[in-house]
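Below is a structure I'd like to ask you about.
The values are calculated or read from the model by the stated rules, or taken from the named source; none is laboratory data. A quick note: this is a predicted structure, and the numbers were derived from the prediction, not measured. Positions of Cβ are generated from backbone atoms using ideal geometry, with glycine treated the same way; all protein chains shown enter the neighbour counts.
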Ligand code: FAD
């Protein structure tokens with residue numbers, strides 16, 4: 001039995017263990033993860049790691065010896081299948097049981113896969129884990145053409161890497177623009193042009209009917225809803241994740257799309273916290289809507305909140321969201337959330353490949369997407385936090401630093 005069991009050894013789970021020790025927690029900690037590898041950074045999986053520019057050792061969250069040095073009992077290759085919140089017991093895939101005093105649920109999500117014919121073919125891949133990406137990399141030598149399904153960040157980043165590696169890339173997005181879930185039309189249009197300029201055959205408004213396979217069961221093409229056939233030696237699917245909440249919900253935790261948590265990351269079950277991608281929480285930066293945030297920022301900051309609540313020093317979760325994406329030589333930095341924005345303002349000229357998109361609600365800056373514009377990102381962050389209506393003409397003028405823009 002452990003004083004604290006953390007389920008999920010990804011960004012959030014690892015950070016929770018790190019924070020607890022930093023805060024002086026002296027009890028026993030188990031960090032239980034389904035993957036075979038010690039906690040590592042996920043963002044490089046669709047960037048430097050996929051490109052072969054960074055070996056696995058360099059994306060570990062901590063050196064391998066860190067966990068034993070900090071008396072964190074890292075248990076890899078173990079899936080928690082059931083939670084008994086009354087007896088405070090976890091059951092793992094091997095059938096063994098582990099007791100806990102407090103439980104931190106940090107299981108992230110599994111990639112949503114296509115449910116059409118052919119989607120189980122051996123060369124149809126997700127990009128969520130090191131194992132996924134190793135499978136992709138192992139086939140690259142025999143791959144000329146790649147079909148990517150999904151125009152979110154992961155699909156776009158994978159497209160950029162595949163182009164860099166010289167592959168022929170077709171990207172299929174069902175909606176009428178890429179990044180529609182997270183950004184406004186200006187940013188979508190910019191990235192669409194960039195990808196086309198870099199040779200990606202980008203098809204928006206294309207649905208997938210099925211994946212065509214050969215006799216050996218390998219995918220050979222994507223068949224679109226309009227009948228078009230896109231030949232491919234490999235298919236990469238990046239259409240979002242499903243929060244991994246099964247055992248907790250089965251144990252009676254409130255939730256639906258994610259496990260519901262309060263401002264201290266507490267679930268509705270006693271002594272059970274949930275953090276990271278799987279935690280549905282009301283977010284002040286999302287107009288108080290209940291959301292799940294899929295970002296390193298959220299994983300780390302919620303880990304800190306849960307750990308400090310356990311230590312009796314909690315402050316409610318109120319961290320400002322931020323995110324980044326690297327595609328080609330473009331560095332996108334996002335701060336705030338554009339949820340319920342009513343105005344979108346482009347600051348600078350996208351043609352210069354250094355500009356920002358500013359999202360406003362009721363005249364206040366609520367989010368920025370900054371492309372190769374770190375100064376805007378830093379100063380825009382303050383504008384989001386201050387929440388003061390600003391002069392829009394000045395705000396749109398890149399010659400005026402955001403911090404010098406007059407109040408409206
Ligand atoms: P995860 O990191 O997914 O960790 C959850 C772990 O729990 C997994 O290892 C899983 O195997 C394990 N697990 C699940 N169920 C069980 C179970 N029942 N028992 C035991 N273990 C279990 N964010 C950014 O901010 N910037 C980026 O540029 C960015 N790029 C990304 C690129 C890719 C390819 C991906 C996949 C994600 C990216 N993200 C990025 C998102 C970021 O990585 C996630 O938000 C973050 O990893 C969430 O951390 P987490 O701990 O909640 O989940």
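Quick check on my filter: what residues within the stretch 250-276 are within 14 Å of the ligand (Cβ to nearest atom), crowded, with 17+ Cβ neighbours inside 10 Å and not in a loop (DSSP other than H, G, I, E, B)?
Of everything in the stretch 250-276, those that are within 14 Å of the ligand (Cβ to nearest atom), crowded, with 17+ Cβ neighbours inside 10 Å and not in a loop (DSSP other than H, G, I, E, B) turn out to be 258, 259, 272, 273, 274, 276.
Do the conditions hold for residue 66, that is, is it over 30 Å from residue 238 (Cβ atoms), surrounded by fewer than 23 Cβ atoms within 10 Å (Cβ to Cβ) and more than 9 Å from the ligand (Cβ to nearest atom)?
yes
Return the pairs, sorted by first residue and then second, in which the second residue is at pLDDT 95 or above and assigned to a helix (DSSP H, G or I), the first residue lies in the stretch 280-298 and is over 12 Å from residue 258 (Cα atoms) and within 12 Å of the ligand (Cβ to nearest atom), the beta carbons are less than 6 Å apart, and the residues are 6+ apart or on different chains.
296/11
Whether any residue in the stretch 351-358 is within 16 Å of the ligand (Cβ to nearest atom) and surrounded by 23 or more Cβ atoms within 10 Å (Cβ to Cβ) is what I want to check.
No, that holds for no residue.
Identify all residues within the stretch 103-143 that are surrounded by 20 or more Cβ atoms within 10 Å (Cβ to Cβ) and away from the ligand (no atom under 13 Å from the Cβ); write none if there are none.
Listed by number, the residues that qualify are 118, 123, 124.
Something else now. Show the residue pairs meeting these rules: Cβ distance below 7 Å; 6+ apart or different chains; first residue within the stretch 377-399 and farther than 23 Å from residue 320 by Cα; second residue exposed (fewer than 14 other Cβ atoms within 10 Å of the Cβ).
Every condition considered, the pairs that remain are 394/406.
Right, another one. Just checking, which of 317, 341, 359 is within 26 Å of the chain's Cα centre (by Cα), within 30 Å of residue 24 (Cβ to Cβ) and modelled with pLDDT of 95 or more?
None of the other options fit; the residue is 317.
Further question on the same structure: Taking the residues in the stretch 44-60 that are free of Cβ contacts under 8 Å to residues at least 60 places away in the same chain and in contact with a strand residue (DSSP E or B) (Cβ under 6 Å, 6 or more places away or on another chain) as candidates, determine which candidate is surrounded by the most Cβ atoms within 10 Å (Cβ to Cβ).
Among them, the one singled out is 59.
Suppose we filter the stretch 144-168 for residues that are at positive phi and away from the ligand (no atom under 16 Å from the Cβ); how many remain?
Adding up the residues that qualify gives 1.
Another one. Kindly indicate whether residue 222 is out of contact with any helix residue (DSSP H, G or I) (no Cβ under 7 Å at 6 or more places or on another chain) and crowded, with 16+ Cβ neighbours inside 10 Å. Step through it out loud before you land on a result.
Details: out of contact with any helix residue (DSSP H, G or I) (no Cβ under 7 Å at 6 or more places or on another chain): yes; crowded, with 16+ Cβ neighbours inside 10 Å: yes.
Yes, satisfied.
If you don't mind, there's one more thing I want to ask. Can you tell me which of (1) within 16 Å of the ligand (Cβ to nearest atom); (2) more than 29 Å from residue 394 (Cα to Cα); (3) surrounded by 20 or more Cβ atoms within 10 Å (Cβ to Cβ) is the one residue 328 doesn't meet?
(3)
While we're here: Go through (1) modelled with pLDDT of 95 or more; (2) touching a strand residue (DSSP E or B) at 6+ places or on another chain (Cβ under 8 Å) and name the single condition residue 385 misses.
Evaluating residue 385 over (1) modelled with pLDDT of 95 or more; (2) touching a strand residue (DSSP E or B) at 6+ places or on another chain (Cβ under 8 Å) leaves (2) as the failure.
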